[in-house]
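Presented below is the structure to which this report refers.
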Amino acid sequence: MRNLLKTPGRSLFALMAMTLLLFFSSCASKQQKEKKNDVRPNILFIMSDDHTTQAISAYNDIYAKYFPTPNIDRIADEGIRFDNVYCANAICGPSRAIIISGKYSHENGYYKNESGGHFNPNQWTFPQELHDDGYTTAMVGKWHLGTKPRGFDFYMYHNNPGQQGYYWNPVYDYNGKNITIDGYATNITADTAIAWLDRVKNQGKPFLMLLHFKAPHRPWQPDKKYENMYPDEEMPYPETFNDNYKTREKTAGDTWMTMDFFNHKDMKLTPPEGLKGKALHKWLTYGNKPGEAWMPPGCKTIEEARKWKYQRFIKDYLACVRSVDDNVGRVLDFLDENGLAENTIVVYTGDQGFYLGDHGFFDKRFIYEPSFRMPFLMRYPAKLKPHQTDNHLISNVDFAPTFLDFAGVKVPPEVQGHSFKDAIEGKKEVKWNNEVYFHYYEFPFWHHVQPHYGMRTDRYKIAHFYYNIDVWELYDMEKDPNELNNVIDDPAYAKIADSLKKELKQLMIEVKDTGSLAEFREITDKDFGKLN
Ligand code: SGN
Ligand code: CA
């Protein structure tokens, strides 16, 4: 201030500075005021790990009679069930990275789980953006990206080695501090989410919560209360349970994810007494590798063994889903009881699909429908009509820009996805995706699925498996929705194959996945480092 009086130049500068300061402080207080009446929607993004459409009754699954999901279904009944949502890489960490960054794996740099390194936290993410734009933000549950979550006022994520999470007595990183909480992870994750929602509900700011259940991921351990409540009946088998992999011998026919690859631990067998350390580990994981297929007690034929393993697996998986569904119900009740339901966008999804005996598999990874397709349900009573179904082809790169659009926040140009808000609100003249893109890299661990890229259109799916084979596949989804007949060599499809290959090439240019096959293989081979 003293200098102000000395030289006219300086005083002018100081005056300007003061004016600016006053201007900004008035803006700030305006913002504060605005925040008080901030009516932008809250966003509650619920994502389970490996929960697939074939185990959600809103999608009319074959298990609905025995294991319905009434609470998850509520989101669809009171909002929209999306039937064509796909992940751009059907594996956990990479799918999560795509969702938060709005970019494909080759642009966000997070390609694989196994030796996939850490998600680069310096890049743009939608939670950080919403946080910067006045949202109060939290993430609870499975994170699985190695680096600490950024852009969250609160986080608590599974932080055991590998970050897969434990079902029982999970270890979490709680806002930077490692803690163990006694109990069952699905319940604890929901408890923590509800407690946080309760803390922020009157802050006068909209919230974003990522609520990520570890369940129903392997090793499929249900809560005690559901452990012995299984129906006695045999669970139904999916239509493709006995797939013989004809026309797909080198791809679907050459994996380590058939019923033969369930290990002793998956099947909850009791280890022989006295086994410890390495020997115990070897016994528990026996089944993981080729040549380790074992016969369950009392089974005489391979057919019996396959069915026995499927039954044990599916009942555990569905019992894990039951806890997820209960806890989704608790969270929805909390919104109701606190008058938050109307203005909260609730999404329920899984990080990819999953094989529940489909094609004779468990696990995911392939571009085939059961793992490529994601469940996606959305409710937003203030703006979206109930009882709707939606058929737009949507990719998980589109989630981030859609949330920003609903929040009225500008989407930065580097984001590769597109908002589907206008499309689902029925606005005319909306140009929408003709295809969804896919690229999977991890090989051979886990489960020996050949790296491949491809796309799905309304009618067709085309994919190129390229790591140490050179195989193209083409499916006519209208005639062959179960993808049992690869028609790439069928002369009747020659023209279509040709034009789809061209379309795919064009799409790869558009999404900037233009590396050579040798470069793609390098990604598969490269050790980017381990989590934790
Ligand atoms: C673990 C599982 C695999 C699974 C991957 C990836 N093995 O490694 O079966 O495919 O996770 O799952 S386990 O015996 O350690 O459970 S993902 O959901 O994280 O992609
Ligand atoms: Ca997963």
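For segment 417-456, residues that are in contact with a helix residue (DSSP H, G or I) (Cβ under 9 Å, 6 or more places away or on another chain) and within 16 Å of ligand 2 (Cβ to nearest atom) total 5.
Of the residues making up segment 114-138, those that are buried (at least 23 other Cβ atoms within 10 Å of the Cβ) and within 16 Å of ligand 2 (Cβ to nearest atom) number 2.
Among the numbered conditions (1) away from ligand 1 (no atom under 16 Å from the Cβ); (2) open to solvent by 10 Å² or more (accessible area, probe 1.4 Å); (3) under 30 Å from His448 (Cβ atoms), the only one that Val85 does not meet is (2).
Look at segment 345-361: where a residue is closer than 30 Å to Pro41 by Cα and a partner is away from ligand 1 (no atom under 14 Å from the Cβ) and of a type in the set (Ser, Thr, Tyr), sitting 6+ places away or on another chain with Cβ atoms under 8 Å, you get Ile345/Tyr380; Val346/Tyr380; Gly353/Thr53.
Condition check ((1) in contact (Cβ under 8 Å) with a residue 12 or more places away in the chain; (2) outside any loop (DSSP other than H, G, I, E, B); (3) under 12 Å from Thr247 (Cβ atoms)) across all residues:
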site	(1), (2), (3)
Glu473	yes, yes, yes
Val487	yes, no, yes
Ser499	no, yes, no
Lys502	no, yes, no
Met508	yes, yes, no
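Taken together, Pro386, Pro412 contain a single residue that is open to solvent by 10 Å² or more (accessible area, probe 1.4 Å), away from ligand 1 (no atom under 16 Å from the Cβ), part of a loop (DSSP other than H, G, I, E, B) and within 20 Å of Arg81 (Cβ to Cβ), which is Pro386. Criterion first (within 16 Å of ligand 1 (Cβ to nearest atom), β-branched (Val, Ile, Thr) and open to solvent by less than 20 Å² (accessible area, probe 1.4 Å)) does Ile80 satisfy it? So Ile80 does not fit the description; no.
Against the conditions (1) within 16 Å of ligand 2 (Cβ to nearest atom); (2) open to solvent by less than 10 Å² (accessible area, probe 1.4 Å), where does Arg373 fall short? Just the number, please. So Arg373 meets the others, but not (2). Being of a type in the set (Gly, Ala, Ser) and closer than 17 Å to Asp83 by Cβ is a condition met by no residue of segment 454-465.
Checked against the criterion of being of a type in the set (S, T, N, Q), open to solvent by 40 Å² or more (accessible area, probe 1.4 Å), assigned to a loop (DSSP other than H, G, I, E, B) and not assigned by TED's automatic domain parsing to the domain that holds Leu404, the candidates Asn242, Asn202 yield just one match: Asn242.
Checked against (1) within 15 Å of Tyr441 (Cα to Cα); (2) more than 25 Å from the chain's Cα centre (by Cα); (3) surrounded by 14 or more Cβ atoms within 10 Å (Cβ to Cβ), Leu484 meets all criteria but (1).
The values are calculated or read from the model by the stated rules, or taken from the named source; none is laboratory data. In this text, all values refer to a predicted model and were calculated from it rather than measured experimentally. Ideal geometry is used to build each Cβ from the backbone, glycine not excepted, and the neighbour counts take in all protein chains shown. Just the protein is used for accessible areas: all its heavy atoms, side chains included, with ligands, DNA and RNA removed. Shrake-Rupley method; radii C 1.70, N 1.55, O 1.52, S 1.80 Å.
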